[in-house]
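The block underneath contains the structure these notes are about, expressed in structure tokens.
No lab work stands behind these numbers, since they all come straight from the coordinates. Given the structure is predicted, the values throughout are model-derived calculations rather than measurements. Quick reminder, even Gly has a Cβ in these numbers, built from the backbone with ideal geometry, and neighbours come from all protein chains shown.
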Amino acid sequence: MKKSAKKAMGSLLGAVLLAMASVAVQANDGKEAPESQGSIKVAKGTKADAWPGLAKLSLSEAVAAALKKAPGKAVKVELEGDEGSLVYSVEIAGADKQVTEVLVDAGDGKILGVEKGGEDEDKEDPKDGEGDGDD
């Protein structure tokens, strides 16, 4: 396959994945993602189909913020209620073939947590006192 065809297929696949992610809103029980303290609180009992209307950040803005923290290709994006906050969970495949999960606040775009290859990285924001999210 020619280089240009491979590049076009990669771009098409990325666009399809992002389009699919924009309609895939999924609840998270908080067991796999790092802890977060987002700016948009989600009350218990709020249905997941209401979350997109609460988010102030678009899916593409969340992906762009995540890619600044962990360069690579976004392979999965979900809008989640994590620890009572509304966040985008963006999974990024890096050049090293490792998948990094970046939690992006759905209200202000701040990076709330990063987990690379199953290990939590410290947050950029030093006010987070805990770095080991309960797995």
Problem set entry | Within-13-Å neighbourhood charge of Glu61 [Cβ basis; K, R +1; D, E -1] | +1
For this session: Mind listing the long-range amide H neighbours of Val75? Cut-off is under 5 Å, sequence gap 5 or more, other chains count too, H placed in the peptide plane at 1.01 Å from N.
Result: Glu91, Ile92, Ala93
For this session: Rank by packing, highest mean first: peptides 59-66, 77-84, with packing defined as the count of other Cβ atoms within 10 Å averaged across residues.
Result: 77-84, 59-66
Seminar exercise, completed: Contour minus Cα-Cα span, Ser39 to Ser60, at 0.36 nm per residue, comes to 5.7 nm
